[in-house]
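What follows is a single structure, written as structure tokens, with notes after it.
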Amino acid sequence: MSSPDPQVRAARNQSTSSASPAPRGPVVAVTGAAYGVGALITERLAASDEVRRVVAIDERRGDCDAAQWHILDVRDPAVADKLRGADVVVHLALDLDLETDAAARTAYNVRGTQTVLTAAAAAGVHRVVLCTSAMVYGALPDNELPLSEDAELRATAEATGVGDLLEIERLARRAPRAHPGLNVTVVRPAVLVGGGTDTALTRYFESPRLLVVAGSRPAWQFCHVEDLCGALEYAVLEKVDGELAVGCDGWLEQEEVEELSGIRRMELPSAVALGAAARLHRIGLTPSPAGDLAYTMYPWVVSGSRLHDAGWRPRYTNEEVLAELLEEVSGRHTVAGRRLGRKDATAAGAAGATVALLGAAAVVRRARKARRRI
């Protein structure tokens, strides 16, 4: 067979070189894609040349027009149909709102994760990326500084949402055994800041005084939402896998936090602080259980060594993230985890509001004792 005419070969080569390259990279599905971190990572992945297509799943449509949207609850088994053709799922449909009923929150978080993992396996997805928190390591006085990713998860279910996160971690460990061929990566951020994040730990900096429990040894490490998105992208693109801890490099001591924030401390004995927090939560005056206090008392700083070894680096320092947090919460007034209106804060005064809440718990306790005597 004779070779084609040189002019024909040239035309063919020109046609081939001018054609658009075939799309490469994974198809990624994101749950919880309409808000918070889910919205940020959806935009980021949709703009990436390393991602072929983004499928966005939520109960309402978000703002990313470049994604293919499906509107449904992640607890609906029909989510499996929406995941067909996806290579990776980033599951971010979690409810960690302080004001949500605890039972309803757990039902949504745990059932949603179970459904997504099962649906992903049924749809032929090979990787699921979950996001919990470095809180699962627990805040304990004997924690190493920093903790490695392989450190034991010693948290208990006494802090807001931590019980749900521990159950999600358990599901993550079990999923590859239940669904051979399914790879699960878990990302655990430090204190998350940015994008309107509202947690018991960000509300700590809305208080007129920083509550310090006598004899405690706090160590503060933050994680900017953009750095979390960067870590999630590394996991999506399979640049790193396993359990991943993410946060700023290093940490801040309590004295540094007070100096940088300009907020003075209010120091209380452990029994008083923990007892008052428990009573206030029990009678419904505050959304935060006493277990949240442990994360302001003891270190739970993470090294992030796996991400660092893969080449990831945080864009933000602890000092920069703290400054952004303080700017974000400026004008808000929170006492013992309960956000006050401006009128409440003005009437109560800074120290007065704290004393009032602590006093309320003492009054309730005395009233209960009096009833028992009758």
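Keeping to segment 151-196, report how many residues are at positive phi and of a type in the set (Lys, Arg).
0
Of everything in segment 11-39 that's under 37 Å from the mean Cα position of the chain (by Cα) and open to solvent by 60 Å² or more (accessible area, probe 1.4 Å), which residue is modelled with the lowest pLDDT? Even if it seems obvious, please write down each step before you answer.
The initial filter retains those residues of segment 11-39 that are under 37 Å from the mean Cα position of the chain (by Cα), namely 21-39.
Still in the running and open to solvent by 60 Å² or more (accessible area, probe 1.4 Å): 21-24, 35.
Values: 21: 56, 22: 49, 23: 57, 24: 80, 35: 95.
The selected residue is 22.
Test of understanding: among 233, 226, 238, 243, which residue is farther than 25 Å from residue 49 by Cα and acidic (Asp, Glu)?
After applying the criteria, what remains is 243.
Are there any pairs, at least 6 apart or on different chains, whose C-beta atoms fall under 9 Å, with the first in segment 249-262 and more than 26 Å from residue 306 (Cβ to Cβ) and the second at pLDDT 95 or above and of a type in the set (Asp, Glu), and if so, which?
Here the result reads 256/319; 260/319, each pair linking segment 249-262 to a residue that is at pLDDT 95 or above and of a type in the set (Asp, Glu).
How many residues are of a type outside the set (Lys, Arg) and within 19 Å of residue 216 (Cβ to Cβ) when one looks only at segment 125-159?
So the count comes out to 17.
What are the pairs with Cβ atoms under 7 angstrom where one residue, in segment 27-52, is touching a residue at least 60 places away in the same chain (Cβ under 8 Å) and within 16 Å of residue 237 (Cβ to Cβ) and the other, located anywhere, is open to solvent by less than 10 Å² (accessible area, probe 1.4 Å) and among the hydroxyl-bearing types (Ser, Thr, Tyr)? Sequence gap at least six, or different chains.
That search, which allows pairs on different chains as well, returns 30/42.
Matching residues to (1) in contact (Cβ under 8 Å) with a residue 60 or more places away in the chain; (2) open to solvent by 10 Å² or more (accessible area, probe 1.4 Å):
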residue	(1), (2)
162	yes, no
165	no, no
180	no, yes
185	no, no
190	yes, no
198	yes, yes
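Given 110, 128, which one is within 17 Å of residue 33 (Cα to Cα) and either at pLDDT below 95 or surrounded by 15 or more Cβ atoms within 10 Å (Cβ to Cβ) (or both)? Quick ask: steps written out before the conclusion?
Numbers: 110 fails: within 17 Å of residue 33 (Cα to Cα).
Of the residues listed, the single one that is within 17 Å of residue 33 (Cα to Cα) and either at pLDDT below 95 or surrounded by 15 or more Cβ atoms within 10 Å (Cβ to Cβ) (or both) is 128.
Among the residues of segment 206-242 satisfying the criterion of being among the charged types (D, E, K, R), out of contact with any Ser or Thr (no Cβ under 8 Å at 6 or more places or on another chain) and open to solvent by 10 Å² or more (accessible area, probe 1.4 Å), which is farthest from residue 305 (Cα to Cα)?
First, pick out the residues of segment 206-242 that are among the charged types (D, E, K, R): 206, 209, 217, 226-227, 233, 238-239, 241.
Filter once more, keeping what is out of contact with any Ser or Thr (no Cβ under 8 Å at 6 or more places or on another chain): 217, 226-227, 238-239.
Still in the list and also open to solvent by 10 Å² or more (accessible area, probe 1.4 Å): 217, 226, 238-239.
Working: 217: 23, 226: 18, 238: 16, 239: 14 Å.
Per the stated criteria, the residue is 217.
Name the residue that is farthest from the chain's Cα centre (by Cα), counting only residues in segment 277-319 that are crowded, with 18+ Cβ neighbours inside 10 Å and β-branched (Val, Ile, Thr).
286
Scan segment 55-72 for residues that are over 16 Å from residue 112 (Cβ atoms) and open to solvent by less than 20 Å² (accessible area, probe 1.4 Å) and report the count.
4
Considering only segment 76-101, state which residues are touching a helix residue (DSSP H, G or I) at 6+ places or on another chain (Cβ under 7 Å) and without any contact (Cβ under 8 Å) to a residue 40 or more places away in the chain.
95 - this is the single residue of segment 76-101 that is touching a helix residue (DSSP H, G or I) at 6+ places or on another chain (Cβ under 7 Å) and without any contact (Cβ under 8 Å) to a residue 40 or more places away in the chain.
Of (1) touching a residue at least 12 places away in the same chain (Cβ under 8 Å); (2) more than 23 Å from residue 278 (Cα to Cα); (3) over 18 Å from the mean Cα position of the chain (by Cα), residue 173 satisfies all except one. Which?
(1) is the only condition that residue 173 fails.
The values are calculated or read from the model by the stated rules, or taken from the named source; none is laboratory data. Predicted model only: the values in this text are computed from it and were never measured. As a convention, Cβ positions derive from the backbone with ideal geometry for all residues, glycine included, and neighbour counts pool all protein chains shown. Calculation scope for accessible area: heavy atoms of the full protein, side chains included, ligands and nucleic acids excluded. Shrake-Rupley method; radii C 1.70, N 1.55, O 1.52, S 1.80 Å.
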